[in-house]
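The values are calculated or read from the model by the stated rules, or taken from the named source; none is laboratory data. Remember, predicted model here, so these are calculated numbers, not experimental data. Methodologically, a virtual Cβ is constructed for each residue, glycine included, from the backbone with ideal geometry; neighbour enumeration extends over all protein chains shown.
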Amino acid sequence: MKYPDNVLTKGKKGIEVRSLVSRGNYVLCEYLDPETGKLADKKKKLILKDDDGKVQEYFIVPLKGDRSLLITPKEKKDVEKQKVWNKGKIEDLIK
């Protein structure tokens with residue numbers, strides 16, 4: 001099949017087609033110490049919600065240098081019911 005040049009990219013195995021899997025919204029959370037308000041941990045949580053409503057969760061764990069590791073949580077929590085602190089007020093994690 002012939003693909004337009006602007007969707008082609010070069011990977012380790014040669015030329016590849018950049019193909020959309022899903023599109024949607026995201027939330028990126030960091031974890032603060034409740035006593036100090038400063039970062040409690042360097043990890044972050046990334047929650048992705050596609051246009052069909054499917055939610056995926058990942059922890060972003062920083063490694064040495066400019067690299068990070070994505071880890072899928074062992075247990076899935078109902079992110080639709082979770083809240084997040086946003087500069088002095090409580091909001092729904094997923095809107």
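For the condition at positive phi, of a type outside the set (A, V, I, L, M, F, W, C) and either at pLDDT below 90 or in contact with an Asp or Glu (Cβ under 7 Å, 6 or more places away or on another chain) (or both), what is the one hit in Lys87, Lys95, Lys76?
Unique residue meeting the criteria: Lys87.
Restricted to the range 83-95, and to residues that are in a loop (DSSP other than H, G, I, E, B) and in contact (Cβ under 8 Å) with a residue 40 or more places away in the chain, which residue is nearest to Leu32 (Cα to Cα)?
Among them, the one singled out is Leu93.
Restricting the range 53-82 to residues that are within 24 Å of Pro34 (Cβ to Cβ) and loosely packed, with under 10 Cβ neighbours inside 10 Å, which is farthest from the chain's Cα centre (by Cα)?
Narrowing the range 53-82 to residues within 24 Å of Pro34 (Cβ to Cβ): 57-62, 71, 73-75, 77-82.
Narrowing further to those that are loosely packed, with under 10 Cβ neighbours inside 10 Å: 74-75, 78, 81.
Details: Lys74: 16, Glu75: 16, Asp78: 16, Lys81: 18 Å.
It comes out as Lys81.
Are there any pairs, at least 6 apart or on different chains, whose C-beta atoms fall under 9 Å, with the first in the range 4-16 and part of a strand (DSSP E or B) and the second surrounded by 10 or more Cβ atoms within 10 Å (Cβ to Cβ) and among the charged types (D, E, K, R), and if so, which?
Leu8/Glu16; Leu8/Arg18; Thr9/Glu16; Thr9/Arg18; Lys10/Glu16
All but one of (1) surrounded by 11 or more Cβ atoms within 10 Å (Cβ to Cβ); (2) part of a strand (DSSP E or B) hold for Ser22; state the number of the condition that does not hold.
Among (1) surrounded by 11 or more Cβ atoms within 10 Å (Cβ to Cβ); (2) part of a strand (DSSP E or B), the lone unmet condition for Ser22 is (2).
Regarding the range 34-45, can at least one residue be identified that is under 21 Å from Lys95 (Cβ atoms) and either loosely packed, with under 10 Cβ neighbours inside 10 Å or not charged (D, E, K, R) (or both)? I'd like the intermediate steps shown before the answer.
Step one: list which residues in the range 34-45 are under 21 Å from Lys95 (Cβ atoms), which gives 44-45.
Checking which are either loosely packed, with under 10 Cβ neighbours inside 10 Å or not charged (D, E, K, R) (or both) leaves us with none.
No, every residue in the range 34-45 fails to be under 21 Å from Lys95 (Cβ atoms) and either loosely packed, with under 10 Cβ neighbours inside 10 Å or not charged (D, E, K, R) (or both).
Starting from the range 28-54, keep only residues that are at positive phi, then list their pairs with residues that are part of a strand (DSSP E or B) and surrounded by 12 or more Cβ atoms within 10 Å (Cβ to Cβ) whose Cβ atoms are within a distance under 9 Å, requiring at least 6 positions of separation or different chains.
Cβ pairs passing all conditions: Gly53/Gly24.
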